[in-house]
Amino acid sequence: MKLKKLFVGFTAATLATSVMALSASAATNLGDVVYPSADDTEMNDAFYSIGGQAYYMGTNWAWNQSDWVGITEDGILEFNYTINEALTMPSGGTLGSMGIVVANLPVENSPYEITITKAEFTDNDGNVTELSSVLEITEAVVDETEGFRINIRPVDDVADDGTVLTAATPEVAGWDAEGAFNGGTLAITVDFNLDTAGEDSTTDTDSTTDTDSTTDTDSTTDTDSTTDTDSTATGDDSASENVNADTGAGEVVLAGLALASAALVVSKKHK
């Protein structure tokens, strides 16, 4: 995996301030805030503290949870939670809510861009329900107390004043009926797209190198060499002086273009 090197050596507070300068309308890439690092212990520990658990509650709202799932160095959390049929019996085989909770994401940089690469429930009879509405989630919005949650519910969670707190998941409609839910395996994979962030950073660096290499090819000098031939034919020393003057001007122009290209790359990196 290509890791972003731009921020190595900075403290977490400095990184948070830098990322807050980005457009508030765009989700943050996790790799721009925290990432695996052999050079920065604070960054490394903060990254590997990120993880989560899958959970299940019947309509009696008794909480049941999976083992802890840690984030990989590629920024992936893979949940596979088997809900034993015995857990569904106290509420008559019904679903209140199930899903995942991701903890220890930096709150101040929320939301984070994510891709849900897998979201499905396989019941004990082998029937697979693809959770299409979960696959459509592209941002992890972090709550300071609850982290980032994906809630899968057969009905809306509605406040006393009628406000919908958590919308129902269409694919599990009716699973709150008695006997409609008798266990199975919930599988959700969350990808924080760290590889994408690393490749973008590398591409920017490479484009700078390409720009510099163009500067090495001085087509202006080749054109001036024709003038050298003319000055030899005429024996006019002033023509040779003109050649040197033209060549110097060409180098100044090319240097200016190189600086402008470098400034453009730096500007791009800081947007």
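Go through segment 89-110 and report how many residues are touching a Ser or Thr at 6+ places or on another chain (Cβ under 7 Å) and of a type outside the set (Gly, Ala, Ser).
Number of matching residues: 3.
The conditions are (1) modelled with pLDDT under 95; (2) closer than 30 Å to Met43 by Cα, and Ser91 fails exactly one of them. Which is it?
(2)
Of all residues in segment 135-158 being at pLDDT below 95 and part of a loop (DSSP other than H, G, I, E, B), which is farthest from the chain's Cα centre (by Cα)?
The selected residue is Thr145.
Identify, please: which residue in segment 126-142 is loosely packed, with under 12 Cβ neighbours inside 10 Å and of a type outside the set (Val, Ile, Thr) and is, among those, nearest to Ser49 (Cα to Cα)?
Filtering segment 126-142 for residues that are loosely packed, with under 12 Cβ neighbours inside 10 Å and of a type outside the set (Val, Ile, Thr), the one nearest to Ser49 (Cα to Cα) comes out as Glu136.
Just one of (1) surrounded by 15 or more Cβ atoms within 10 Å (Cβ to Cβ); (2) touching a strand residue (DSSP E or B) at 6+ places or on another chain (Cβ under 8 Å); (3) assigned to a loop (DSSP other than H, G, I, E, B) trips up Thr59, so point out which.
Of everything listed in (1) surrounded by 15 or more Cβ atoms within 10 Å (Cβ to Cβ); (2) touching a strand residue (DSSP E or B) at 6+ places or on another chain (Cβ under 8 Å); (3) assigned to a loop (DSSP other than H, G, I, E, B), Thr59 misses just condition (2).
So which of Met57, Met43 is out of contact with any Cys (no Cβ under 7 Å at 6 or more places or on another chain), at pLDDT 95 or above and in the same structural domain as Phe121 (by TED's automatic domain parsing)?
Exactly one residue qualifies, and that residue is Met57.
Residues that are out of contact with any helix residue (DSSP H, G or I) (no Cβ under 7 Å at 6 or more places or on another chain), in a loop (DSSP other than H, G, I, E, B), crowded, with 17+ Cβ neighbours inside 10 Å and not polar (S, T, N, Q): does segment 105-112 have at least one?
Checked segment 105-112: at least one residue is out of contact with any helix residue (DSSP H, G or I) (no Cβ under 7 Å at 6 or more places or on another chain), in a loop (DSSP other than H, G, I, E, B), crowded, with 17+ Cβ neighbours inside 10 Å and not polar (S, T, N, Q).
Among the numbered criteria (1) at pLDDT 95 or above; (2) under 16 Å from the mean Cα position of the chain (by Cα); (3) not hydroxyl-bearing (Ser, Thr, Tyr), which one does Ala26 miss?
Among (1) at pLDDT 95 or above; (2) under 16 Å from the mean Cα position of the chain (by Cα); (3) not hydroxyl-bearing (Ser, Thr, Tyr), the lone unmet condition for Ala26 is (1).
Do we have any residue at all in segment 73-89 that's under 23 Å from Ala167 (Cβ atoms) and in contact with a helix residue (DSSP H, G or I) (Cβ under 9 Å, 6 or more places away or on another chain)?
no
Pairs only if they're at least six apart or on different chains, beta carbon under 7 angstrom, first in segment 35-57 and of a type in the set (D, E, K, R), second assigned to a loop (DSSP other than H, G, I, E, B) and at pLDDT below 95; list them, first residue then second.
Asp39/Val8; Asp39/Gly9; Asp40/Val8; Asp40/Gly9; Glu42/Thr11
Limited to segment 62-100, what total is found for residues that are without any contact (Cβ under 8 Å) to a residue 24 or more places away in the chain and either buried (at least 19 other Cβ atoms within 10 Å of the Cβ) or touching a Lys or Arg at 6+ places or on another chain (Cβ under 9 Å) (or both)?
Residues in segment 62-100 being without any contact (Cβ under 8 Å) to a residue 24 or more places away in the chain and either buried (at least 19 other Cβ atoms within 10 Å of the Cβ) or touching a Lys or Arg at 6+ places or on another chain (Cβ under 9 Å) (or both): 1 in total.
Show the residue pairs that are 6+ apart or on different chains and have beta-carbon atoms under 6 Å apart, the first residue being within segment 140-154 and assigned by TED's automatic domain parsing to the domain that holds Thr169, the second being of a type in the set (Asp, Glu).
Pro154/Asp176
The values are calculated or read from the model by the stated rules, or taken from the named source; none is laboratory data. The structure displayed is predicted, hence computed values, not measured ones. Every residue, glycine as well, gets a Cβ built from its backbone with ideal geometry; the counts of neighbours run over all protein chains shown.
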